[in-house]
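Right, one structure below, let's go through it.
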Amino acid sequence: MRFILNIVWLLLCGFWMAVGYCVAGVVCCILIVTIPFGLASFRIANYALWPFGRTVVDRRDAGAASLLGNVIWFIFAGLWLSIGHVITGCLLCITIIGIPLGVANFKMIPISLMPLGREIVPIP
């Protein structure tokens, strides 16, 4: 079932979300200071391609730099990305077929708000 949901997700919205996150990652990697944000964008793009069967967990070794980076990310990108995920998730939940896809969009909100100090792991 996860495979089928991932294929439907990829065709309907996952590809375009991943492209957007990759573009943001390239822009962030052009500037030297924002490379950690670019790497986080690439991780989120990978997650946006195939979200079913994976989840986000906090990293135990994340320190104060991750907190500071997340505050900066929240102000400049995280809030707007999460608003986009909420709107897209609500629109997908209008139809019965789109409900699992909307839930996947809601599942991406925490990592789009604060990506640093988090890790994407497979669900057993």
- Query: Are there any helices (runs of 4 or more DSSP H) wholly within the stretch 20-124 with 1 or more residues that are under 10 Å from the mean Cα position of the chain (by Cα) and farther than 20 Å from Met1 by Cα, and if so which?
  - Reply: 35-49, 79-92, 109-113
- Item | Filter result for Leu67 (under 21 Å from Cys22 (Cα atoms), out of contact with any His (no Cβ under 6 Å at 6 or more places or on another chain) and aliphatic (A, V, I, L, M)) | no
- Item | Search result, residues across the stretch 37-71 that are within 21 Å of Val26 (Cα to Cα), β-branched (Val, Ile, Thr) and touching a residue at least 24 places away in the same chain (Cβ under 8 Å) | Ile44
- Query: Do you know which residues across the stretch 87-102 are surrounded by 15 or more Cβ atoms within 10 Å (Cβ to Cβ) and either without any contact (Cβ under 8 Å) to a residue 24 or more places away in the chain or not polar (S, T, N, Q) (or both)?
  - Reply: Gly89, Leu92, Cys93, Gly98, Pro100, Leu101, Gly102
- How many residues does the stretch 57-86 contain that are of a type outside the set (Phe, Trp, Tyr) and buried (at least 18 other Cβ atoms within 10 Å of the Cβ)? 8
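Every read-out reported here was derived from the displayed coordinates using simple, explicitly stated rules and does not represent laboratory data. Please read these numbers as outputs of a predicted model, since none were measured by experiment. Note: ideal-geometry Cβ built from the backbone for every residue, glycine included; neighbour counts use all protein chains shown.
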